[in-house]
Structures are given as C-alpha cells and as structure tokens.
Amino acid sequence: MPSKLSLYNGALKVLGERKLASLTENREPRYELDDVYDNEMIDRVLQQGQWNFAARTAELSASLTISPEFGYQYAFAKGDDFIRTMGIWSDALKKQPLTDYEDEAKTWFAALDVIYVSYVSNDSQFGGDFSLWPANFTEYVEHYLAYKVAPRLTGLDSDSTILEGKVKRRLKDARATDAMESPSKKAPRGSWSMSRHGYRSGDRGNRNQLIG
C-alpha cells in the first residue's frame with residue numbers, strides 16, 4: 001500500500017534524487033513535495049479520471065434549503081467529498097441515465113425530486129484511501145509529484161517537457177486499466193445521508209485541469 005512517504009520517494013526516484021528517510025527530514029525536497037501535496041494534490045489527481053476505486057453512489061433527495069428561482073424545480077447540493085460526476089440516473093438500478101439536468105458549481109438542478117448520482121469521491125474510505133489505489137495510479141501520482149517539483153529541485157526546463165510526457169503516459173495507462181475494472185459492489189439504496197459508510201452531505205466545487 002502506498003503512503004505519503006512512499007509517494008515522495010517515488011517522485012524523487014523519478015528525478016534521480018536521494019530518497020527521504022522520513023516526512024520530518026530537514027531537506028529541501030521534502031519542503032517542495034509538501035508544498036505540492038498540501039495544494040490539494042489528492043483532489044487534483046482524482047479529478048483526472050472517472051476512477052472505479054474512488055467511485056461513490058448515493059440517492060439524493062431535493063434540497064430543502066435551496067429554492068431555484070427559475071428553470072428546474074429541484075436542487076441537489078454536492079457533498080464535500082465530491083470531485084467529479086461519473087453519472088446521474090433517474091432510477092436506483094441505474095438503468096435510466098438522466099440527461100435533462102444542469103450542473104452549476106456546487107449544485108445539480110433537475111425536474112425530479114429524487115436522483116441517483118455516482119461521483120469520484122476524495123473521502124478517506126474512497127479515493128482518499130491509499131490502500132484502494134491501483135499500482136499504475138500510484139505510479140501516475142509519483143510522476144505527477146516529480147513533474148511539479150522538478151523545476152525547483154533540478155532546474156529542468158527542456159527536460160521538463162519529457163517529464164510531462166511521462167506523466168501523461170502514466171495517466172493514460174492508469175485510466176485504461178481502471179476502465180477495464182468493474183466496481184467491487186453495487187451502491188446501496190439509502191438516502192444521501194445514508195449512502196455508503198454513513199455519509200453526510202456538504203459542498204465542494206469541481207476542478208478542471210489536466211496537469212494541476
């Protein structure tokens with residue numbers, strides 16, 4: 001299972017740099033990697049795919065606190081673990097895709113008062129759980145970290161283009177492998193607050209970057 005330290009050392013290996021002994025080591029590479037990691041790194045890499053290992057599904061009832069002034073009658077707040085939408089359906093078995101809806105910032109709007117949403121989650125039991133990360137996704141994250149710190153640690157300019165290409169190839173490989181995998185379990189039919197692992201809703205906007 002990867003860890004924060006193993007991700008750091010994987011990135012340093014890509015750059016040909018000496019690995020860290022711990023996350024408290026007083027060296028520039030650790031500080032540079034901390035800066036990237038703390039800048040919503042996990043959210044940024046999860047946003048790059050519709051990852052099965054990070055997928056979460058919930059039944060949403062219309063918000064009682066958001067009243068649309070026009071357009072669709074019902075509003076649905078995105079959870080605070082939301083990263084990106086994977087699909088929206090009108091039925092619990094996900095047989096009828098819902099195409100008649102709007103996605104605005106932290107809210108979905110629809111003509112139905114109940115919808116079923118699958119999304120990439122950064123929750124600690126979904127995308128934020130390192131033990132769920134496939135090996136090639138971990139490798140992508142290591143190359144992403146390396147790409148982000150390379151200019152400050154190695155002074156790479158022209159070579160950074162090569163490194164960017166490696167990051168994109170690792171991302172492509174991770175997406176391809178993930179696309180062949182099926183979710184390990186079906187989503188339960190509870191409410192939004194009773195979706196998998198007792199989730200309670202909140203808000204988070206989406207992100208749109210290739211290399212964050």
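What follows draws every value from the coordinates through simple rules; no lab data is involved. Bear in mind the structure is a predicted one, so any value in this text is a computation, not a measurement. When we count neighbours, we look across all protein chains shown, and the Cβ atoms used for this are built from the backbone with ideal geometry, even at glycine.
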Quarter of the Cα convex hull surface for segment 48-127, i.e. its orientation-mean projected area (nm²): 5.4
Karplus couplings for segment 128-142 from phi (6.51 cos²θ - 1.76 cosθ + 1.60, θ = phi - 60°), rounded to Hz, Gly and Pro as x? x, 8, 4, 5, 8, 6, x, 4, 6, 5, 4, 5, 4, 4, 4
Length-normalised contact order of segment 77-161 in % [C-alpha pairs under 8 Å, at least 6 apart]: 25
L112: net charge of surrounding residues, Cβ under 11 Å, Lys/Arg +1, Asp/Glu -1, itself excluded? -3
Scalar couplings 3J(HN,Hα) for segment 166-180 by Karplus 6.51 cos²θ - 1.76 cosθ + 1.60 (θ = phi - 60°), nearest whole Hz, x for Gly and Pro, are 5, 4, 5, 5, 5, 5, 4, 5, 5, 5, 5, 5, 5, 5, 7
Would you mind putting 37-44, 52-59 in packing order, based on average other-beta-carbon counts within 10 Å, highest first? 52-59, 37-44
A correct Karplus calculation of ³J(HN,Hα) over segment 119-124, with 6.51 cos²θ - 1.76 cosθ + 1.60, θ = phi - 60°, whole Hz and x for Gly and Pro, returns 8, 6, 10, 9, 4, 5
Cross-link partners of K19 among aspartates and glutamates (Cα-Cα below 18 Å; sequence separation of 8 or more within a chain): E28, E32, D34, D35, E139, E142
Sequence-distant aspartates and glutamates (8 or more away, or on other chains) whose Cα lies within less than 20 Å of K106: E40, D43, E59, E69, D80, D81, D123, D203
Which lysines have a Cα lying under 22 Å from the Cα of K13, excluding residues fewer than 8 positions away in the same chain? K4, K148, K166, K168, K172
